[in-house]
Amino acid sequence: MLTPMTTTPLSRRSALKMTGTAAALGAAAFSLSACTDNGTAEAAAEVDQLTAQAERARSDAAAATAAIALAPDKSASLTTISAERTAHALELDAEIARAAGGGATTTAPPSTSVANASTGVDTLRTSLNDSARSAADLARTMSGYRAGLLGSISASCSTQVAVLLP
């Protein structure tokens, strides 16, 4: 047996209240979603930090190349350091491009004020120690591949100082 469905009539005032409430909730949800940056500020900060590490790597590579003229007896070690720090800069550039959403790697031009002729082995040793410490500190704040990359760079810089520049 079928029973008739009883519905209570919806008054005009109730309908307007429901419509107004729904509109207010929709506007609030829209404005809240517009305020969030979905992590873009954090990603931009990470890219800036990685860019600073890449600049530091280029600076160390240029300093090692400049130090060859002042210490020709260590040219093999300094050439190795320059090549490795250049490779670090290229890997960091690739990660920066990936983090920024680009598919291709970009290489920043080397800075002209990076190293001068007075750069010596002692200055390079200090710079490599600073680079190792900086990369290690940054690795602790990152996760995944970036943390591993920075940890590897830190270990490499420390090894270069201990083994190649005793």
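Quick note: the coordinates plus some simple rules give every number you see, no bench work behind them. Keep in mind that what you see is a predicted model, and the values were worked out from it rather than measured. Please note: Cβ atoms are built from the backbone with ideal geometry, for glycine as well, and neighbour counts cover all protein chains shown.
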At R0 = 30 Å the Cβ-Cβ FRET efficiency linking residue 147 and residue 123, nearest 0.05, sits at 0.55
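Could you sort the peptides 72-79, 126-133 by per-residue average Cβ neighbour count (10 Å cutoff), highest mean leading?
126-133, 72-79
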What is the local net charge at residue 129, summed over the other residues whose Cβ is closer than 13 Å to its Cβ (Lys, Arg +1; Asp, Glu -1)? -1
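I want the local charge near residue 67. Using Cβ-Cβ distances under 13 Å, sum +1 for each Lys or Arg and -1 for each Asp or Glu among the other residues. Before the final figure, lay out the partial values.
On the way: positive: 74, 85, 125; negative: 60, 73, 122.
Charge balance near residue 67 sits at 0.
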Given a Förster distance of 30 angstrom, what is the FRET efficiency for residue 80 paired with residue 45, based on the Cβ-Cβ distance and rounded to 0.05? 0.35
